[in-house]
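Chemist: Below are the structure tokens for one structure; questions will follow.
The values are calculated or read from the model by the stated rules, or taken from the named source; none is laboratory data. Because the structure is a prediction, the values reported are computed rather than measured. Cβ: placed from backbone, ideal geometry, glycine included. Neighbour counts: every protein chain shown.
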């Protein structure tokens with residue numbers, strides 16, 4: 001006796017050579033794949049035209065042209081799965097009710113935004129009851145005209161970890177610093193290993209070594225990826241069309257959480273070297289940013305207290321060095337000596353921040369869609385030395401509302417107070433004190 005199972009069904013459609021103003025002028029090829037639920041009724045199949053129109057409307061109306069393509073794509077998949085899609089016949093499609101998953105693949109054509117690389121963002125939205133989870137990846141071709149006498153073709157695929165960008169959009173990586181890291185590795189090979197060993201070493205270095213960027217931070221790909229794949233194809237003789245070598249290496253990242261039953265220390269100390277403190281990772285330092293005091297010490301430290309609740313006894317002293325801090329809520333923050341970068345728009349605000357000596361950057365906004373609930377207080381802004389920053393926004397100096405409150409200046413934008421500068425006169429501030437990117 002035989003049994004015929006229910007079929008697996010999907011529908012896909014493409015939008016090709018679509019011109020869009022995102023990260024400059026770009027041309028993209030976009031494909032959408034609808035993976036239907038098992039046993040879908042004949043009356044439930046949607047017409048793809050309204051879905052296509054919803055995609056195009058989303059692209060036209062997308063508010064933030066500086067977002068990474070990965071962020072735009074994830075927001076597109078989210079909207080398609082959570083917002084009703086109108087049709088001409090008066091009904092609405094709710095795709096989460098008829099799909100197991102939805103995949104959007106955006107291929108950015110070479111030359112877009114004056115970048116010669118082809119690159120691609122793929123987001124899979126999985127419908128699990130009333131919840132939606134995501135699988136995300138980004139791939140790109142490495143482009144360089146000075147790779148030597150051989151013809152070398154690199155393809156890189158970044159498989160992001162679960163939950164990438166949900167709490168911190170800065171987790172996504174710009175691919176160009178990764179490309180520069182690869183090219184520097186390739187141009188400075190210490191010895192003539194065979195291609196397989198060279199590729200394996202390259203992938204290992206990508207996952208174990210900090211990748212410098214022009215943004216003042218370093219990428220640590222093992223913290224944001226589940227896997228990375230590097231595919232290298234070499235034609236040793238450019239004139240030989242019959243002979244080439246290829247090596248493909250995929251390396252996965254395993255994660256584990258450290259669990260401890262010992263009480264959290266009231267005071268946590270860094271070292272004389274560069275330290276990383278992240279309150280979302282319970283490690284041997286046991287710094288969670290809840291009524292704790294952190295002395296980061298010397299070195300160029302990175303401190304992430306974005307989701308730390310803070311408290312009356314919560315204090316972060318960055319010490320010396322050029323440090324980076326992602327500010328959370330309800331902390332006293334002392335940046336110490338050095339040229340420090342303080343992202344104060346990543347938490348809920350209500351921090352009291354002292355820059356002390358050095359040229360410090362106080363970034364009040366990092367995402368206009370998720371602003372701190374309360375203003376931050378900066379105790380010692382120094383004109384011609386420090387700057388106030390606004391990231392991922394189209395704001396300019398003329399869009400700010402600067403008001404005098406006693407001896408202090410209040411900075412208001414986007415409909416709310418963002419910061420109080422103590423002992424600062426409004427008339428002393430000018431456009432040169434602010435940075436907009």
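Chemist: Could you tell me which of the residues 181, 185 is without any contact (Cβ under 8 Å) to a residue 24 or more places away in the chain and not in a loop (DSSP other than H, G, I, E, B)? So that I can check it myself, show each step before the final result.
Modeler: Numbers: 181 fails: without any contact (Cβ under 8 Å) to a residue 24 or more places away in the chain.
So the residue among 181, 185 that is without any contact (Cβ under 8 Å) to a residue 24 or more places away in the chain and not in a loop (DSSP other than H, G, I, E, B) is 185.
Chemist: Suppose we keep only residues that are in contact (Cβ under 8 Å) with a residue 40 or more places away in the chain and not in a strand (DSSP E or B) within the range 1-44. Which one would you say is nearest to residue 96 (Cα to Cα)?
Modeler: Among residues in the range 1-44 that are in contact (Cβ under 8 Å) with a residue 40 or more places away in the chain and not in a strand (DSSP E or B), the one nearest to residue 96 (Cα to Cα) is 37.
Chemist: May I ask you to list pairs of residues, at least six apart or on different chains, whose Cβ atoms are under 6 Å apart, with the first in the range 381-400 being at negative phi and in the same structural domain as residue 413 (by TED's automatic domain parsing) and the second being assigned to a loop (DSSP other than H, G, I, E, B) and surrounded by 13 or more Cβ atoms within 10 Å (Cβ to Cβ)?
Modeler: Final answer for the pair search is 381/424; 385/359; 386/355; 386/360; 391/366; 393/368.
Chemist: Please work out which residue is modelled with the lowest pLDDT, limiting yourself to the range 249-278 and to residues that are farther than 26 Å from residue 313 by Cα and exposed (fewer than 14 other Cβ atoms within 10 Å of the Cβ).
Modeler: 257
Chemist: Moving on to the next point. Looking at the structure I just gave you, is residue 146 surrounded by fewer than 16 Cβ atoms within 10 Å (Cβ to Cβ) and either at pLDDT 95 or above or in a strand (DSSP E or B) (or both)?
Modeler: On the way: surrounded by fewer than 16 Cβ atoms within 10 Å (Cβ to Cβ): yes; either at pLDDT 95 or above or in a strand (DSSP E or B) (or both): no.
Taking the combined requirement at face value, the residue does not satisfy it.
Chemist: Here's something else I'd like to know. Inspect all residues belonging to the range 369-382 and state whether any of them is in contact with a helix residue (DSSP H, G or I) (Cβ under 9 Å, 6 or more places away or on another chain), part of a loop (DSSP other than H, G, I, E, B) and at pLDDT 90 or above.
Modeler: Scanning the range 369-382, I find at least one residue that is in contact with a helix residue (DSSP H, G or I) (Cβ under 9 Å, 6 or more places away or on another chain), part of a loop (DSSP other than H, G, I, E, B) and at pLDDT 90 or above, so the answer is yes.
Chemist: Further question on the same structure: Given the conditions (1) touching a residue at least 24 places away in the same chain (Cβ under 8 Å); (2) in a loop (DSSP other than H, G, I, E, B), which single one is not true for residue 127?
Modeler: (2)
Chemist: Also: State which residue is surrounded by the fewest Cβ atoms within 10 Å (Cβ to Cβ) when the search covers only the range 411-432 and only residues that are within 14 Å of residue 364 (Cα to Cα) and in contact with a helix residue (DSSP H, G or I) (Cβ under 9 Å, 6 or more places away or on another chain).
Modeler: By that ranking, first place goes to 414.
Chemist: For the range 78-104, name all the residues that are in a helix (DSSP H, G or I), more than 17 Å from the chain's Cα centre (by Cα) and closer than 12 Å to residue 134 by Cα. Give the derivation first.
Modeler: Filtering the range 78-104 for residues in a helix (DSSP H, G or I) gives 78-82, 95-97.
Checking which are more than 17 Å from the chain's Cα centre (by Cα) leaves us with 79-82, 95-97.
Hit for the range 78-104 is 81, nothing else.
Chemist: Separate question: Looking at the structure I just gave you, is residue 388 surrounded by 15 or more Cβ atoms within 10 Å (Cβ to Cβ), assigned to a strand (DSSP E or B) and in contact with a helix residue (DSSP H, G or I) (Cβ under 7 Å, 6 or more places away or on another chain)? Can you show your working first?
Modeler: Values: surrounded by 15 or more Cβ atoms within 10 Å (Cβ to Cβ): yes; assigned to a strand (DSSP E or B): yes; in contact with a helix residue (DSSP H, G or I) (Cβ under 7 Å, 6 or more places away or on another chain): yes.
Taking the combined requirement at face value, the residue satisfies it.
Chemist: Let me confirm something: among 358, 345, which residue is in a loop (DSSP other than H, G, I, E, B) and either in contact with a strand residue (DSSP E or B) (Cβ under 8 Å, 6 or more places away or on another chain) or modelled with pLDDT of 95 or more (or both)?
Modeler: On the way: 358 fails: either in contact with a strand residue (DSSP E or B) (Cβ under 8 Å, 6 or more places away or on another chain) or modelled with pLDDT of 95 or more (or both).
Step by step, each of 358, 345 is checked, and only 345 is in a loop (DSSP other than H, G, I, E, B) and either in contact with a strand residue (DSSP E or B) (Cβ under 8 Å, 6 or more places away or on another chain) or modelled with pLDDT of 95 or more (or both).
Chemist: While we're looking at this one, here's another question. Could you go through the range 117-129 and let me know if any residue there is more than 22 Å from the chain's Cα centre (by Cα) and surrounded by fewer than 18 Cβ atoms within 10 Å (Cβ to Cβ).
Modeler: Of the residues in the range 117-129, the ones more than 22 Å from the chain's Cα centre (by Cα) are 127-129.
Now restrict to residues that are surrounded by fewer than 18 Cβ atoms within 10 Å (Cβ to Cβ): 128-129.
Yes, because at least one residue in the range 117-129 is more than 22 Å from the chain's Cα centre (by Cα) and surrounded by fewer than 18 Cβ atoms within 10 Å (Cβ to Cβ).
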